[in-house]
Each structure stands twice: as structure tokens, then as C-alpha cells.
Amino acid sequence: MDPALHSPGGSAGPAPGAIRVLVADDEDDIRALVCLAVRKAGGHVVVAAPNGTTALAAARAQLPDLAVLDVSMPGATGLEICTALRATPATAGIRILLLSAGASPDEVTRGLAAGADAYLPKPFTVAGLVRQVRALAAGEPVA
Amino acid sequence: MSLAVLDRPQAADGSWTRRSPVAGVLHGPLLCTVLFTGAALLLLTGSIPVADRDLVLAGLAAASAATGVAWAARRSRSVAGSVAVPAAQLGAVALLHAGTGSATTLLLLVGPLWALAMQPDRRGLLVGVLGSAAVLSVPAVTDPPGALLLGTLVVAAGGSAVHGTARRLAARSREIGQLEREQAALLAQVQSRADELDTASRILAARAQTMTSVIDAVTEQSIIGTDRDGTIRVWNPGAEKMLGVPRPDVVRTRSILDFHLPEELDAAAADRACGTGLEALVHAAREHGSDVRDWTYVAADGSHRTVSVAITPRSDDRGAHAGWNFVGTDMTEARATERMKDQFVSLISHELRTPLSSILGYLELVMDDEDQPLTDEQRQYLATVERNAQRLLRLVGDLLFTAQVESGRFTLQPADVDLAGVVRAAEETARVAAAAAGVQIVVDVPDDGLVVAGDAVRLGQACDNLVSNAVKFTPAGGRIDLVLRRGWRTPEGEVVDHRVPEAAPVALLSVADTGMGIPAGEQGQMFTRFFRTSNAQRNAVPGVGLGLTITKAITTAHGGTLDLESTEGVGTTFTMTLPVPG
């Protein structure tokens, strides 16, 4: 497996009942930060992908419970991955959280229209990301 | 323009009347001169016998004198003269007739009788009859009396006939004269109209030349005129330069559609639910009278140009629709620059906000790590890092927001917003900095709140900017008053604190400080992007000069106003008004 796909922090393994999370961001530091936040939220990072192409392939192969996707990535954007996952029955049920440096109302609207369950603009707080992941894991509506 | 038909001399009275050569001979002394000269020759040659030499000489002398007077006075219009001369000539004929006794001399009567019969009134005819009778009576001693009577009757009848004819001729002549005058008047009118037409033609030609020279002088914009079916009729040098096709190659032979992308026209037709081709191009101009938008022109070399085209209908001289005008400005580079600007904004958004996400996120992890608590000193250092990261984040946000305002992509998320809560929140945000600076903030807002329609985030940003500005520019010991109250804006634009007829309710938020104030000469620039006052620079007050620009943009987007009053060394008051839903 591509080293980039390994989740940072060397987690020993998923806790019982933990949701399986795909993290995708082309920025290594942000990707690692998101992985840490997912673990703080009690999730298990099954894949940490550095680009859109890898993320889409991993999502189709691993069928995670939640995908945390950066919008702007090489290969495929978070919006394109969103649309592709929603178009396939096997992946249509994956919950999706989009992260983006674009925070304008138009950009948020486009993200949600593409099928995302939540949209979190950068810079985000770790605490805020943890709350979002927990809410999505619990199937709660996200503000 | 001249009319050759008019080019002939006029008479002294301005008319074009003329007398025929035959009439001139008959009316002038020529006939009498010829007749008397002939008689003199016949007498000299003995063809006419002389009975009394003295009478004949007297007759010839009288004839010569009368004829000489006739020549001398031929241009005179005196009626008396025109009767006296023929009467004298009749006397000369009488002397010749008496001196010769020959009937041949009676032929000399023709001249003076003709002249008398031609007179306009009957007086000449009377003189002619009496004179003829006198002539015929002279040799009555030798002729029978019947001849005298018969001769007189013949002269009377003939003279009467000649006189009648002369009168008819005179009447006809007057009619002809009248017609000639009318003709002259008509010709004068024609000449006048011809002159006017000539002048108008020259003016039109001058205007056309002016218009052509103006159109030809436009080299940076394309000016294309077409018929109703799109056939090109006007093609200026700007069009030649923009599209690379010379005028002779397009005028009357090419269509405007030849320089457009068919797929773009099809898309426009679909958008506007109209026909494709030319109709897609001119549909909006037909509906609204004019239309300005970007179109893609295809140049001769196949390159595409983004052109802002103003389309207007064209009329002929009778006001009927004759075609279309297309005035285009090449915006290819400008649009590329705008795209680069958008890309730059996007780049800033991603490249600055993403590392800030890392900085703030990892700081948060370190500072909140309960397993490895920080020392107070470490926490203080990291708090400084976080504060500056937040400052950098605000600057990036301000730059992005300013770019959005400039590009027109600034949108609001309207909702009911309690401004009292916004003001209290701004005070809370600034409280720590104000306390550190030794500045007191006093809040005075309605207890029951004051709701406006607006974007809560943006209004909070605007209020924060005003309060943080006041804190930065107020020295220690100073005071800042945040006052929110209701007001009414009159139709004249004045804001008053009591309800008046036809006034609209508004919310008034004033932020008054006791700071250093703004120099009067700089107050007009306070809302200009990146402007910083001389006081701010001299006192090293932090900032980049975007806060008030953003605050003004937010206020304006909400339909409100933002004004300032300031006295250097005394303080500054910013007053924001926002419309309150009725």
C-alpha cells in the first residue's frame, strides 16, 4: 500500500463500534490534522489519500462510513468525488464532509448540491471538526 | 448647380421680354425711310414726273426732317411724339403728291399710316384718316370728287382693319408679356429651389464626410453596420484591425454571422427562447432598444476575440428599420486579466488559508492537550503565535472580501438581525483590547433590541471594525460610546429622531471616540481602499486600511449609509444607518 495511504499516528486499530473514515487532502499537514481529529472523535481512519483519484478508488474499494474530503485536490475534486459516490448505489450511502478554503455562500451551496452532508470551511478548529465527525457518525443533522 | 436654360440676358426691367426683328422694322422709322428714299430716287431719275418743283422739294425736306426726328426719337415712348412724326410725314406726302400729281406718291402713305394704326388708342387712327383725307384733297382740283371720298373710305377701312389687328396684336403681345413674366417668376422659383437643393446637397455631403471621417478615425473599436438580414454595409478600420479583413472584402458580400461562433449563437438562442442566427444576436436589442454583452468574434486567422458588443437598431432617413449597428470593444485581454484576478483570489484563498489551518489546528491540539499540559510561559508564547495567526487570517479574509466586492461577487445572507445583540457582541470582542489600552467602552442600546434585515455575520464584521478602529485610535484614559437608537429618514435624506410623515424608520448606530481625530483634509479618503491617515502612520497604529472600506461596502449593500464627523485632537464619530423593516 502507498505509504501516503497509511493513517498518521500509527493507530493500533479500530475501537469496537468506531466508524470507518476516509480522509483525503493533498496537503500532508492538513491530512494528518484531520486524521488526528477523526481519532479524537472516536473514528477509525481506514484510508488517508493524498489526491482525488486515490480517494475515489479507495472509497469504492473500502466503502467507508464517512469520507472527509478536501474540495480542491489534484486528480478529482471533492465535488467530483461527491457526485461520483452519490451516483453509485454501493457508495451512495457514504456520509461526506467537505473541507474547503472557499467559504463563500456560493461555494458552500455548490458543495451541498453535489451531495455533501456537511461543509466545513478552512481554517477550522479541531474541536469543530471533531463535533462534525461525531454528529455525522451518529447520523445527526449537521449545522 | 446652374441651369443653362436660364443663362440669357434680361431686359432692363428684369423681364425676359423681347421684340421680334419684323416688329422692330414695322414699328421703327425704317419703313418710312425706305419709302421716302425710294420716292426721292424715283423723282431724281424722272420716273415720277415733277409738276411743281417747290412743292416736291418742300415735301422731300419735310419727309427728311420727320424721318430724322423719327430716328432720333425711336426709343421714346411719348404718345404725342409717336403721333406727331407720322402726321408730319403725312404732310410731306401731301406736298409730294401735290408737287407731282402722281398717284404713285400715295404709296408713301403706307409708312405713316402703319405707324399711326399701331398706336394703342384710336387717336392715331383718327389722325391717319384725317391726314389721308388731307393728302388726297390736295390735288382735288384735278381729280374727281368721288376719288376723294373713295380714297378716304379706303384709308378709313384699311386703317380700321390695321388698327384692329394692331390692337389684337398688342393684346396678344401683352398676354405674351404676362406669360413671359410668369415664366420668369417660375424660372426664378426653380432657380431658388435649385440653389436650396444645391446647398442641402452640400450640407449632406459634408455631414456624410464628417461621419465617415469619424468612423474611419476609430481604430480601436469595431463599427459594423448591417442590413436587416445581416449583410455588412459599414466596416470601419477598427473592424479591419480587430478581425483582419479589409473593407472591400466584406461590404455587401459578407454577413455579420460569418464572424460569430455558431455554437455561441445557438446557446444564446436557447437561453432567450428565440430564433438562432441573426435573431439570437439582435433579439435583446430588438426587445430593449439596445444590448451590450460579450460575444466571441472569429478573426480571419481563426483566432477568437472576446468583444463587448453594443447592438442598436439602425433606421433609414424615413425612420424605418434598416438594419443593425454593432460597436465592439476588444475585451480579450481585460477578461483574461479578470480571470487572472479571480485565479489570484482563489490562490490566496487556498495558499494562505490552508497553512493557517495547519498553524491554528496544531496550536489548538498543543494548547488543549490535557495529557501534556503547557507551562505558563509556553502557553504565553503559543498564545502570541495564535493571536498573530488570527490576525493574518483576518487580513486574508479582508483581502478576499475586498476582492469579492470589487468583482461584484459579494452576496448577503439576509435574515432578521438584532443590532443590539450585534453591538453587545462587538463590545465583548473589543473589551480585552480596550482594557489593555486603558479605554472605556460604554454601550447604550434599546433594552428590547432593534431588528434590521441583514446578514448577521457581515453586520457583525462591520460593527467589529468600527469598534476596533475606535479602540486603536483612542489613547489611554479615553472613552468610546456605542449608541444604538431608532430614527427616521425623511424623503430629503435627513435623519431625525422623531417620526415625521413619509419618513422611513432606520436604525442609527454611532461609535464615538475621544481619540486623536482625523485631519480634515483626509476625511474624504477614509473609505478608500488601503488609505491610512497620517495620524495612524505617525503613531504606528496597526492596520492596512481595509476595515472602513469593508464596513462601507457592507453598509451600502444593506441599503444603509456610513458617515463620519471628526475633529483632530477631540475625537471621531462614525454613524451607520440601516433601514428597519416597516
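Computed from the coordinates by the stated procedures, all read-outs in this text should not be read as laboratory data. These numbers were taken from a predicted model, which means no experiment stands behind them. Note that we place each Cβ from the backbone using ideal geometry, even for glycine, and neighbour counts take in every protein chain shown.
Observations
- Normalising by residue count, the stretch A:70-115 has a Cα convex hull of 62 Å³ per residue.
- Residue among B:Pro501, B:Val385, B:Val457 farthest towards the positive dipole end of the stretch B:376-514, charges placed on Cβ: B:Val385
- Judged by the mean number of other Cβ atoms found within 10 Å, the most tightly packed of the peptides B:401-407, B:108-114 leads the ranking B:108-114, B:401-407.
- 222 nm mean residue ellipticity, helices alone, for chain B (DSSP H n ≥ 4; -39,500 (n - 2.57); rounded to 500): -18500 deg cm²/dmol
- Residue mean of other protein chain beta carbons inside 10 Å, A:124-132: 3
- Long hydrophobic helices in chain B: the complete DSSP H runs spanning 30 Å or more by Cα along their own axis with mean Kyte-Doolittle hydropathy of at least 1.0 are B:79-100.
- Ranked from largest, the principal axis spans of the Cα set of the stretch B:528-582 equal 45, 24, 14 Å.
- Measuring max minus min along each principal axis, the C-alpha atoms of the stretch B:336-407 give extents of 53, 16, 13 Å (largest first).
- Ranking of B:Tyr381, B:Tyr362, B:Tyr297 by neighbouring Cβ atoms within 10 Å, starting from the fewest: B:Tyr381, B:Tyr362, B:Tyr297.
- Top positive-direction residue, dipole computed over the stretch A:54-143 with Cβ charges, set A:Thr77, A:Phe124, A:Ser100: A:Phe124
- Taking every residue in B:407-415 and counting other chain Cβ atoms within 10 Å of its Cβ, the average works out to 1.
- Using Cβ point charges alone (K and R +1, D and E -1), the dipole size of the stretch B:278-396 about the Cα centre works out to roughly 660 debye.
- Derived value for the protein assembly as shown: Kirkwood hydrodynamic radius 37.8 Å. Basis is the mean of 1/r over every pair of different alpha-carbon atoms.
- Each Lys or Arg adds one and each Asp or Glu takes one away; over the other residues whose Cβ falls under 12 Å from the Cβ of B:Glu338, this sums to 0.
- Candidates A:Ala58, A:Ala24, A:Ala116, ranked by Gaussian network fluctuation over chain A, Cα under 10 Å, top entry: A:Ala58
- 29 Å Cα-Cα reach of B:Lys241 towards lysines, excluding residues that sit fewer than 8 places from it in its own chain: B:Lys341
- Cα gyration tensor shape for the stretch B:218-330, rounded if a/c is under 1.5, else prolate or oblate: oblate
- Across the stretch B:415-579, Cα-Cα pairs farther apart than 20 Å form 49% of the total.
- Within the protein assembly as shown: Cβ-based charge dipole about Cα centre, in debye rounded to nearest 20 (Lys, Arg +1; Asp, Glu -1): 4460 debye
- Taking amide H as placed 1.01 Å from N in the peptide plane, the amide H of B:Asp291 sits under 5 Å from that of B:Ile311, each at least 5 places away or on another chain.
- Other-chain or far-sequence residues with amide H under 5 Å of A:Leu120's (modelled H): A:Leu98, A:Leu99, A:Ser100
- Mean projected area of the Cα convex hull of chain B, taken over all directions, amounts to 58.0 nm².
- Per-residue ³J(HN,Hα) for the stretch B:291-303, Karplus 6.51 cos²θ - 1.76 cosθ + 1.60, θ = phi - 60°, Hz, x for Gly and Pro: 7, 10, 6, 7, 10, 9, 8, 9, 7, 4, 7, x, 6
- Dipole moment magnitude, nearest 20 debye, the stretch A:26-127 about Cα centre, only Lys, Arg, Asp, Glu C-beta charged: 300 debye
- As a rough footprinting exposure proxy, the listed residues A:His44, B:His304, B:His260 were ranked by other beta carbons within 10 Å of their own, and the order from fewest upward is B:His304, A:His44, B:His260.
- Whichever lysines have a C-alpha closer than 23 Å to that of B:Lys472, once near sequence neighbours (fewer than 8 apart) are set aside: B:Lys552
- Rounded, prolate or oblate (a/c below 1.5 giving rounded, otherwise prolate when a/b exceeds b/c) for the stretch A:41-143 by Cα gyration tensor: rounded
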